[in-house]
Amino acid sequence: MMESEGIAGIEQFDSPGKGRGLRVSRAYGVGELLFSCPAYSYVLSVNERGFICEQCFTRKKGLAKCGKCKKAFYCNVNCQKKNWPMHKLECHAMCVFGENWCPSETVRLVARIIARLRHQRERSPSEKLLLLRDMEGHMEDMDNEKREMNEAHIAGLHHFYSKHLDFPDHQALLTLFSQIHCNGFTVEDEELSNLGLAVFPDIALLNHSCCPNVIVTYQGINAEVRAVQEIRPGQEIYTSYIDLLYPTEDRIERLRDVYYFSCDCKECKTKSMDVEKIKVRKLSDEISQKEIRDMVRYARNAMEDFRRLLEMCELSIDKMSPVFDDANIYVLHMMYQAMGICLFMENYDGAVRYGEKVMKPYTVLYPAFSLNIASMYLKMGRLYIALDRKSTGISALQKALAIMEVVHGKDHTYVTELKQEMRGE
C-alpha cells in the first residue's frame, strides 16, 4: 500500500460536478508558489537534441554526446549516468534502426513509464497526492479515431522497444496511452517552444477553468504551480488546459475533443470576451449574422488546412479583413503564423510588422499574467534589438520580465538569463 504523503497548504477534495480537484488551506498572493512536482517520466523532443541536456533539461553549449548512439547529449557524466536507465531503452535501437528510428514522443514517454513502473516499490515524489495508475483516462469516451491512434501507438511501442522492454497486457497499454493522452504535459521554454513531453501525476489533479487562478510553468524537469490571482483559503485552484485566446465555442470544442468535458466557468457562461474576440468591421452596410458565421467557418477551415506558407497567410488575411477587425482572433492567428514564417525566412522586418499588429490585441484578450503575452514581448524585444532598435527592444523585454517574475518566479533561470541579456552580458 502506497500511503499519500500530501502537500503543505494543498488538499485534494471532491469538486462539485468535476470529480477530484485541489483547493488551498491558506491564502496565496499573486506570483506565490503553491507547489512543485518533479516529472514522473519525461522525454526531450528529438528537435532539441544537442541543445538541451536529456537528463535535466538545461540549455547550454558544449554538451557531451553519448559515445554509443551519438544522439543523446548531457551536461556531464553525472547527468548521463542518471539518465542511462531510460536512455538504454533507445540507445541500441537508434543505432540499429538508424534513420528509420521514429517513435512518437508519446510512445517514447510510455516506454519510459513502463520501465519505471516495473521497478517502482514505493510512492514517487511526483505522486504525493495521486498515483500515476489512478489518473483519469476516459477510455469509454474515446471515438474510433482516438482508439485507432492508441492501437498505432501500441504497434510503434512493440516495433521499437520489444527487445529492451517487457510489456503489460494489451488492455493495460490501452489504459496507459489513454491516460497520457489526457494528462501528458508539453514542456515549454520561455518563448513557448516545445522542449518535450512529460507526466506530472499531482499536477493532473488540477481542474480546468477559462478564468484560471494558477499557472503551470517549468524549471528543468519540475513543474511549478504559481498563483496568477489572489487565492483565498478553501478556494479551488484552476489552471487552463487550452489556449485562452479563442472564443467560447472554439474552447468548448477543444475541451470536448481532448478532455471530454465542457467548461462552465464564468467566462464560458457569460461569453463576455467573445464580441471582442470575433470583432467585425464597422461598415456602412451592416454585416449579417450569416456573413459572420460563414467567415468564422472559413477561418476555422483555413486554420485547419494551414501549411505555414506566407502567401496563404496574406491571402487569408486579405479575405477576412473586409469583415473581421484586425483584432479578431482568426485574423490574429494568421498574423501570428505569418510572423513565424517571416522569422524562419529571416525576414525580420516582416516579422516585426506582423508582431506589432498582434501584440496590442494579445494584451486585451489574454489574462494579465499570460505566458503567451510574455513570449510575444520576448520575441519582439529580441527582434527590435537585432534591428538596432535597442531602446524599444529593452522596453519590450522589461514587459516580458514583469510577467515572467510572476509566472516563473524571480529566481527562475529564465528570469536570471533575461536580466543578463538586458544588461548585455
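The values are calculated or read from the model by the stated rules, or taken from the named source; none is laboratory data. Small disclaimer: the values here were computed from a predicted structure and weren't measured. Ideal geometry is used to build each Cβ from the backbone, glycine not excepted, and the neighbour counts take in all protein chains shown. To get the accessible areas, we keep the full protein, side chains included, count just its heavy atoms, and leave off ligands, DNA and RNA. Shrake-Rupley method; radii C 1.70, N 1.55, O 1.52, S 1.80 Å.
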How big is the charge dipole of region 366-424 about its Cα centre, in debye rounded to the nearest 20, if each Lys and Arg gets +1 on its Cβ and each Asp and Glu gets -1 on its Cβ? 180 debye
Mean separation of Cα contacts under 8 Å (at least 6 apart) over the residue count of region 118-252, i.e. the relative contact order in percent, is 21 percent
By accessible area with a 1.4 Å probe, ligands and nucleic acids excluded, highest first: order of LYS279, LYS410, LYS146, LYS65: LYS410, LYS65, LYS279, LYS146
Which order do the peptides 375-383, 14-22 take when ranked by the mean count of other beta-carbon atoms within 10 Å per residue, highest first? 375-383, 14-22
Rounded to the nearest 10 Å², the accessible area of TYR241 using a 1.4 Å probe with every protein chain kept is 70 Å²
Given a Förster distance of 22 Å, report the FRET efficiency between TRP84 and ARG59 from their Cβ-Cβ distance, rounded to the nearest 0.05. 0.55
³J(HN,Hα) across region 5-19 via Karplus (A = 6.51, B = -1.76, C = 1.60, θ = phi - 60°), whole Hz, x for Gly/Pro? 8, x, 10, 4, x, 10, 9, 7, 8, 8, 7, x, x, 10, x
Sorted by accessible area with a 1.4 angstrom probe, largest first, how do LYS163, LYS128 fall? LYS163, LYS128
Could you tell me the distance between the Cα centroids of region 315-331 and region 368-420, to the nearest Å? 28 Å
Answer label for Rg and Dmax of the Cα atoms in Å (calculated), chosen among [x] 23.6, 78; [y] 22.7, 71; [z] 28.3, 106: [y]
Excluding near-sequence neighbours (fewer than 8 apart on one chain), region 125-280 holds lysine pairs with C-alpha atoms under 24 Å apart numbering 5
Using a Förster distance of 51 angstrom, determine the FRET efficiency expected from the C-beta separation of GLN120 and LYS290, and round it to 0.05. 0.30
Shape of region 366-424 from its Cα gyration tensor (a ≥ b ≥ c, root eigenvalues): rounded if a/c is under 1.5, otherwise prolate when a/b > b/c, or oblate? oblate
Against the 2.2 N^0.38 Å rule of thumb, the C-alpha Rg of region 86-169 sits at a ratio of 1.23
Can you tell me the 0 to 90 degree angle between the C-alpha axis of helix 248-259 and the longest principal axis of the chain, rounded to 10? 10 degrees
Using a simple charge model, +1 on the beta-carbon of Lys and Arg, -1 on the beta-carbon of Asp and Glu, nothing else, what dipole does the chain show about its Cα centre, in debye to the nearest 20? 1200 debye
With a 1.4 Å probe and all protein chains kept in place, how do PHE344, PHE185 rank by accessible area, largest first? PHE344, PHE185
When the dipole is taken about the Cα centre of region 32-225, and only Lys, Arg (+1) and Asp, Glu (-1) are charged at their Cβ, what size is it in debye, to the nearest 20? 1320 debye
With every protein chain kept in place and a 1.4 Å probe, region 1-51 has an accessible area per residue in Å² of 51 Å²
If each DSSP helix of 4+ residues adds -39,500 (n - 2.57) and the sum is divided by the residues in the chain, what number results at 222 nm, nearest 500 deg cm²/dmol? -14500 deg cm²/dmol
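Order 107-113, 268-274 from most to least packed using the mean count of other Cβ atoms within 10 Å.
In descending order of packing, they fall as 107-113, 268-274.
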With r as the distance between the Cβ atoms of THR186 and GLU145 and R0 = 30 Å, compute the FRET efficiency 1/(1 + (r/R0)^6) and round to 0.05. 0.90
Taking only Cα atoms, what is the 0 to 90° angle, nearest 10, from helix 310-320's long axis to the longest principal axis of the chain? 50 degrees
Under 5 Å, built H, 5+ apart or other chain: amide partners of LEU34: VAL225, ARG226, ALA227
What are the semi-axes of the equivalent ellipsoid for region 32-225, taken as the square roots of 5 times the Cα gyration tensor eigenvalues, largest first, in whole Å? 25, 23, 15
Long-range amide H partners of TYR238, meaning residues 5 or more apart or on another chain whose placed amide H is closer than 5 Å, are ASN213, VAL214
Taking a cut-off of 17 Å between Cα atoms, list the aspartates and glutamates near LYS70, but don't count ones fewer than 8 places away on the same chain. GLU48, GLU54, GLU90, GLU99
Could you state the angle between the C-alpha long axis of helix 144-161 and the longest principal axis of the C-alpha atoms of the chain, as a value from 0 to 90 degrees rounded to the nearest 10? 50 degrees
Taking amide hydrogens as modeled 1.01 Å from N in the peptide plane, which residues meet the under 5 Å criterion relative to VAL280, leaving out close sequence neighbours? ASP325
Expressed as a whole-number percentage, the relative contact order of the chain with C-alpha contacts under 8 angstrom and at least six residues apart is 17 percent
Among LEU109, LEU33, MET86, which residue has its Cα furthest toward the positive end of the charge dipole of region 10-154, with +1 on Lys/Arg Cβ and -1 on Asp/Glu Cβ? MET86
In square angstrom, rounded to the nearest 10, how much accessible surface does SER288 have for a 1.4 Å probe? 50 Å²
What value does region 267-425 have for Rg/Rh, both radii from Cα atoms and Rh as Kirkwood defines it? 1.03
